[in-house]
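Participant: Next up is a structure, given as structure tokens.
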Amino acid sequence: MSVEFDTSLHPETLTISHGYDPRTAFGAAKPPVFLTSTFVYESAQHAKDVHRAYFDGAEAPGGSPYIYSRLNHPNLDMVERRLSVLDRGEDAAVFSSGMAAISAVMLCFARPGETILHTKPTYGGTDGMLYGFMPQFGVTPFGVDDALSEASIQAAANQALASGPIALIMLESPANPTGTVVDIAAAARVADVIGQRTGRRPLVSVDNTFLGPFVQTPLALGADLCITSLTKYCGGHSDLLAGGVSGAKALVGVLKAQRTFFGSHLDPYSSWLLLRSFETLHLRTERAGENALKVATYLRDHPKIASVTYLGFAPKGSAAQAVMARQGRGFGSTFSFQIKGGEAEAFRMLDRLKVLRLAVSLGGSETLICHPATTTHYNVPIERRLEVGVGDGTLRVSVGIEHADDLIADLAQALDAV
Ligand SMILES: Cc1ncc(COP(=O)(O)O)c(C=O)c1O
């Protein structure tokens, strides 16, 4: 299914139709779901030729290019094309979850004896991979304290290099759950310096989950890989799990080849759902962003709230504000806030909410709220949790697309109970 696209088109236009050509499906305006695990070859020679194309990179023969759905299938192709064009990558690999994408990046690009430099905090699952799993394979994680400062990233890199070559610089910006911002271009420059000094340039990946492609495009800022938990804003309805990695064809090709063995591709129906979700992503992003500003402003002015980490409130002249102005086209709609007191006060408020739903995850059409210390970051050791500002009174909210007045009224009545 070859799909050409007009590069002069805006992402809002491409997200409606790019990746699917109706001529390939009887003119169906919308793509069918290809619920099949395997594909019938046209002949024995055709079977051999499609295997040569898939495994050896030989030129694809005519006819169907598909073999078996764990390797590739039409809905996966469609959704990968759409994601890559939104992320401005040459290609994208789509996985069965964000963690499948993140773990594939670590396992494909880091080797025993190497280190992974990472920003702080990271999503709990990423932290678990870095500190609970990768060390068993001789890969050492190394945290950067202040990734808004190029000097600090370079200093951490110098320390990490003492333990072995740096395979990856993994950034998460804004970070879950604190909204901590990372200077992506500065990290890419540090990778260049390491490359010049050691002859091996680490790959720079950015977890873009908190903002998504309509707010931030890490590949355009110098990153090599853009990772997204598509479960969140891109899926957008809290009804599927998926993850994506965009970047240069050669790098994405490594991930796709390995995904065949991991068996972590996205299934046809979820791919179809995701393709459909992409069509409204820009509208949802915009509306949720407007609501988030209203909710964050309400919370900031509330006497029972100690602080709010909404990115739009970064003080003028601060490094975070300058970096966000450079690398983002908005502030997203997930942020955290500190309730005065601790766990007891936080729980009292949560248990009174009626419109906001108490659940982990983010980026859905509905507003979700959770207590990270006892949920998303349950497994993160307390000292590392406190170090990055996830205290017992920290709450994370993912603002949805409801009417903002209803969200604020619900928060108001719940805070009255504290
Ligand atoms: C920033 C971030 N990255 C990755 C993930 C993992 O994504 P998934 O749940 O789709 O595996 C999450 C999940 O919450 C996340 O918040």
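Participant: Whole Å is fine, so just give me how far the alpha carbon centre of region 192-213 lies from that of region 125-187.
Facilitator: Comparing the Cα centres of region 192-213 and region 125-187, I get a distance of 10 Å.
Participant: Under 37 °C and 0.692 mPa s, how fast does the chain diffuse according to Stokes-Einstein, given a Kirkwood radius computed over C-alpha pairs? Answer in µm²/s, whole number.
Facilitator: Working: Rh = 22.2 Å.
It comes out at roughly 148 µm²/s.
Participant: To the nearest 20 debye, what charge dipole does region 282-416 have about its Cα centre, counting +1 at the Cβ of each Lys and Arg and -1 at the Cβ of each Asp and Glu?
Facilitator: That gives a dipole near 380 debye.
Participant: Hey, can you rank 76-84, 322-330 by average C-beta count inside 10 Å, highest first?
Facilitator: Ranked from most to least packed, the peptides come out as 76-84, 322-330.
Participant: Need one number for region 282-416: average projected area of the convex hull over its C-alpha atoms, nm².
Facilitator: Its Cα hull, projected and averaged over all orientations, spans 8.2 nm².
Participant: Give the Cα extents of region 74-278 along the principal axes, in whole Å, largest first.
Facilitator: The principal-axis extents, from largest down, are 47, 33, 28 Å.
Participant: Ranked from highest to lowest mean number of other Cβ atoms within 10 Å per residue, what is the order of the peptides 13-22, 114-123?
Facilitator: Numbers: 13-22: 18.2, 114-123: 24.2.
Per-residue mean Cβ counts within 10 Å order the peptides as 114-123, 13-22.
Participant: Same structure, new question: Suppose every Lys and Arg Cβ carries +1 and every Asp and Glu Cβ carries -1, with no other charges. What dipole size does region 59-142 come out with about its Cα centre, to the nearest 20 debye?
Facilitator: Values: 6 positive and 8 negative charges, 39 e Å.
Roughly 180 debye for region 59-142.
Participant: Further question: What list of ³J(HN,Hα) couplings, whole Hz, do you get for region 309-315 from phi and the Karplus terms 6.51, -1.76, 1.60, once you set θ to phi - 60° and write x for glycine and proline?
Facilitator: 9, 4, 4, x, 9, 4, x
Participant: Which whole-number percent is the relative contact order of region 141-199 (Cα, under 8 Å, 6+ apart)? Please list the in-between numbers first.
Facilitator: Values: 46 pairs, mean separation 20.0, N = 59.
Averaging sequence separation for qualifying contacts and normalising by length gives 34 percent for region 141-199.
Participant: Any chance you could get the radius of gyration and Dmax over the Cα atoms of region 92-177, in Å?
Facilitator: 12.6, 37
Participant: Further, regarding this structure: Could you go through region 356-364 in sequence order and give the Karplus-derived ³J(HN,Hα) for each residue, using 6.51 cos²θ - 1.76 cosθ + 1.60 with θ = phi - 60°, rounded to whole Hz, and x for Gly and Pro?
Facilitator: For region 356-364, the Karplus curve yields 5, 9, 7, 7, 6, 5, 7, x, x Hz.
Participant: Can you give me the Cα centroid spacing of region 253-302 and region 32-55 in angstrom?
Facilitator: 30
Participant: Who wins for biggest fluctuation among GLU90, GLU290, GLU59 in a Gaussian network model of the chain, springs between alpha carbons below 10 Å?
Facilitator: GLU59
Participant: Also, quick follow-up: Please list, in chain and number order, the residues 5+ apart from ASP91 or on another chain whose amide H is under 5 Å from its amide H, with Hs placed from the backbone.
Facilitator: Under 5 Å from the amide H of ASP91 lie the amide H atoms of GLY247, LYS249, each far enough along the sequence or on another chain.
Participant: Student exercise: in the chain, how many lysine pairs 8 or more apart or on different chains have Cα atoms under 29 Å apart?
Facilitator: Within the chain, the lysine pair count is 26.
Participant: Moving on. Could you please tell me the mean projected area of the C-alpha convex hull for region 49-116, averaged over all directions and given in square nanometres to one decimal? Don't jump to the answer; show the numbers that get you there.
Facilitator: Working: hull surface 25.1 nm².
Projected over every direction and averaged, the Cα hull of region 49-116 covers 6.3 nm².
Participant: Suppose every Lys and Arg Cβ carries +1 and every Asp and Glu Cβ carries -1, with no other charges. What dipole size does the chain come out with about its Cα centre, to the nearest 20 debye? Walk me through the intermediate numbers first.
Facilitator: Values: 35 positive and 41 negative charges, 58 e Å.
Around 280 debye, computed over the chain.
Participant: Do you know the relative contact order of the chain, to the nearest whole percent, from alpha carbon pairs under 8 angstrom that are 6+ apart? Please list the in-between numbers first.
Facilitator: Values: 842 pairs, mean separation 67.5, N = 418.
16 percent.
Participant: Given springs between every Cα pair under 10 Å in a Gaussian network model of the chain, which of ALA29, ALA58, ALA167 has the largest fluctuation?
Facilitator: Maximum fluctuation in the GNM of the chain, among the listed residues, is at ALA58.
Taken together, the values in this text are just the output of simple stated rules run on the coordinates, not laboratory data. Here the structure is a predicted model, which is why all the values come from computation and not from measurement. Don't worry about glycine lacking a Cβ; one is built from the backbone with ideal geometry, like all the others, and counts go over all protein chains shown.
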